[in-house]
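Notes to accompany the following structure.
The values are calculated or read from the model by the stated rules, or taken from the named source; none is laboratory data. All figures in this text were calculated on a predicted structure; none of them were measured in a lab. Heads up, the Cβs are rebuilt from the backbone with ideal geometry, glycines too, and the neighbour counts pull from every protein chain shown. Side chains are part of the model used for accessible areas, which takes the heavy atoms of the whole protein and leaves out ligands, DNA and RNA. Shrake-Rupley method; radii C 1.70, N 1.55, O 1.52, S 1.80 Å.
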Amino acid sequence: MANQDDNLLKKVVAHAKEYGFVFQSSEIYDGIGAVYDYGQYGSELKNNIKTFWWKAMVQMHENIVGIDSAIFMHPTTWRASGHVDAFNDPLIDNKDSKKRYRADTLIEDHVAKIEGKINKEIAKAEKRFGDSFNKDQFVTTNGRIVQYRDQINSINDRMKSAIESDRLHDLKTLIEELVIACAVSGSKNWTDVRQFNLMFSTEIGSLAEGANTVYLRPETAQGIFVNFLNVQRTGRMKIPFGIAQIGKAFRNEIIARQFIFRMREFEQMEMQFFVKPGDEMEWYAHWKNKRIKWHKALGLGEDNYRFHDHLNLAHYANAACDIEFKFPMGFKELEGIHSRTDFDLKAHEEYSGKKLQFFDPQENKNYVPYVVETSIGLDRMFLAIMSSAYKEETLVDGSERTVLKIPAVLAPVKVAVLPLIKKDGLPEKAREIIDELKFNFNCQYDEKDAIGRRYRRQDAIGTPYCVTVDHDSLKDGQVTLRDRDTAEQERIPISELKARVAHLVSINTLLRTI
Ligand code: ATP
């Protein structure tokens, strides 16, 4: 099973490259780790995801507005937010291979191996006992499994306590006691564990002027917090209200792998919702519900989502969960929903000396609002769509195809117009149709190769509709409309084309379902 999923990720990566969705950044120089460029179709898909999010969050809500804040912020921002002191990963190097690991990930991988052993025991017993197998009873009474569980609990407890109290030496001791070896050198020759800050820094101003260290923002949220009053006053916003933003974020991730799932430069779509203190749990439940509906409206599969409630909360949160998606690597975080209390605004008040409060006319008093945030990674959303859309199929006529079943509203190209042959006035008719449709949709013209091959090319980039112009079209004003998913074809008048396609790819129809 694990192998098949690995294969799916590999296929998606290869397909994304071959068809102009995602390229390794600076590929001609052999690339740069965990940085990617979006190609001609990838950038269209990305823009469509952004539009769907922006419309659902901003346009659909009277009390949510959007901003676009700068990547560079005053350096004190990151002291107030806690990123300078605490946005760290614990690092360890293997002295022989010189390979660098996250200490907690090494331990988690070890725990995953023990879990693998438990699953093997269960599978063996299932085979042995057949229908009479009682899994719940087996896992609580089987001596070996109970022992494995105890081991896992003890490891997790020790790791958690070492991380929480910043006892890096204890993390190293744990790695040594568990006899964890480097996957490359096989040796257990480890350096000490040390903290590594994930923020990228650079200098602003010339050195002669006395340059200041600035950071590339590791999240977009702080740009919203520092603009809280600007937006509230100029927009005359009343609590509860939200500020949304789409923008780049940067993290110097140590283990950067799994394609665009974990990147060093990525994009976030965040919304901070400011509420009256005490109302935050109600709004937290509200936004959990709204966000999962947004995801499910796309039809990527109900079973592909699950909530993961955080038991260990960050110091600033009083409730938090992730929406996890079933990526080819398994269920992983796609979006975070956090109730952040008044931590951020209060910290900025303290560090800036400025009041960041709201005067509530009903209560007749000032207060620092509480915040519920929704934060989704645009690139992870892109990967969720690509990996669930990628299908290898055999059609009824026996032909094979690779198709991207991207939701029609998000597809990079909406309609391809194809003249059956490239003469007899068919290309001219096809171009005439495109000239009409291009005001509404991203269209493509293709006259090269047999029609079947042209359909395959459109399937591979996820174009939901192909329009074929043939000799009859010139006489009866009708064309063939082919549906990507069913491969079914239908004759329809050219005059009805625009309305038909508009209905099928309409973002508005989707928004009404949320
Ligand atoms: P993870 O635990 O996977 O590192 P996180 O909990 O640090 O993620 P948040 O800080 O909550 O992530 O960021 C919000 C969202 O931003 C995440 O749900 C994810 O979709 C996205 N994101 C975070 N880090 C990255 C990254 N390195 N590459 C791509 N997307 C990311």
I need every pair where a residue in the stretch 252-270 that is outside the structural domain of GLY377 (by TED's automatic domain parsing) and over 11 Å from GLY377 (Cα atoms) has its Cβ under 8 Å from the Cβ of a residue that is in a strand (DSSP E or B) and open to solvent by less than 10 Å² (accessible area, probe 1.4 Å), sequence separation at least 6 or different chains. none
Please enumerate the residues belonging to the stretch 328-339 that are assigned to a strand (DSSP E or B) and either within 9 Å of the ligand (Cβ to nearest atom) or over 16 Å from GLU302 (Cβ atoms) (or both). GLY330, LYS332, GLU333, LEU334, GLU335, GLY336, ILE337, HIS338, SER339
Taking THR77 as meeting all but one of (1) part of a helix (DSSP H, G or I); (2) open to solvent by less than 90 Å² (accessible area, probe 1.4 Å); (3) closer than 21 Å to ASP192 by Cα, write down the number of the exception. (3)
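Mind counting the residues in the stretch 82-110 that are over 26 Å from the mean Cα position of the chain (by Cα) and either under 28 Å from ASP344 (Cβ atoms) or open to solvent by less than 20 Å² (accessible area, probe 1.4 Å) (or both)?
Here the count works out to 3.
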Keeping to the stretch 380-402, report how many residues are farther than 18 Å from ALA14 by Cβ, open to solvent by 10 Å² or more (accessible area, probe 1.4 Å) and at pLDDT 95 or above. 1
Is it the case that some residue within the stretch 407-418 is more than 16 Å from the ligand (Cβ to nearest atom), in contact with a Lys or Arg (Cβ under 8 Å, 6 or more places away or on another chain) and within 21 Å of LYS296 (Cα to Cα)? yes
Flagged pairs (Cβ under 7 angstrom, 6 or more apart or on separate chains; first in the stretch 465-481, farther than 14 Å from GLU496 by Cα; second of a type in the set (Gly, Ala, Ser)) are CYS466/ALA416; VAL469/ALA430; LEU474/GLY425
Is it the case that ILE255 is within 16 Å of the ligand (Cβ to nearest atom), at pLDDT below 95 and outside any helix (DSSP H, G or I)? yes
Inside the stretch 411-435, the number of residues satisfying the requirement of being under 37 Å from the mean Cα position of the chain (by Cα), assigned to a helix (DSSP H, G or I) and under 15 Å from ASP449 (Cβ atoms) is 0
Would a scan of the stretch 335-356 turn up a residue that is closer than 30 Å to LYS293 by Cα, in contact with a strand residue (DSSP E or B) (Cβ under 7 Å, 6 or more places away or on another chain) and of a type in the set (Ser, Thr, Tyr)? yes
Residue match in the stretch 225-245 (condition: assigned by TED's automatic domain parsing to the domain that holds VAL58, within 16 Å of the ligand (Cβ to nearest atom), open to solvent by 60 Å² or more (accessible area, probe 1.4 Å) and under 30 Å from the mean Cα position of the chain (by Cα)): no
Just to check your reading of the model, which residue among LEU356, LEU300, LEU311 is surrounded by fewer than 18 Cβ atoms within 10 Å (Cβ to Cβ), away from the ligand (no atom under 13 Å from the Cβ), among the hydrophobic types (A, V, I, L, M, F, W, C) and assigned to a loop (DSSP other than H, G, I, E, B)? LEU311
Looking at ASP157, ASP192, which one is in contact (Cβ under 8 Å) with a residue 40 or more places away in the chain, open to solvent by 60 Å² or more (accessible area, probe 1.4 Å), outside the structural domain of ASP279 (by TED's automatic domain parsing) and under 30 Å from SER97 (Cα atoms)? ASP192
Filtered residue count, the stretch 22-64, keeping only those that are under 12 Å from PHE382 (Cβ atoms), within 16 Å of the ligand (Cβ to nearest atom) and over 15 Å from the mean Cα position of the chain (by Cα): 0
Within the stretch 180-238, residues of a type in the set (Val, Ile, Thr), out of contact with any Phe, Trp or Tyr (no Cβ under 6 Å at 6 or more places or on another chain) and not in a loop (DSSP other than H, G, I, E, B) come out as THR202, ILE204, THR213, ILE224, VAL231, THR234
Do we have any residue at all in the stretch 370-378 that's at pLDDT 95 or above and either more than 16 Å from the ligand (Cβ to nearest atom) or assigned to a loop (DSSP other than H, G, I, E, B) (or both)? yes
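Residues checked against (1) assigned by TED's automatic domain parsing to the domain that holds ASP485; (2) touching a residue at least 60 places away in the same chain (Cβ under 8 Å); (3) under 20 Å from ILE461 (Cα atoms):
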| site | (1), (2), (3) |
| --- | --- |
| LYS332 | no, yes, no |
| THR341 | no, yes, no |
| PRO369 | no, yes, no |
| ILE376 | no, yes, no |
| ALA389 | no, yes, yes |
| LEU404 | yes, yes, yes |
| VAL413 | yes, yes, yes |
| GLY425 | yes, no, no |
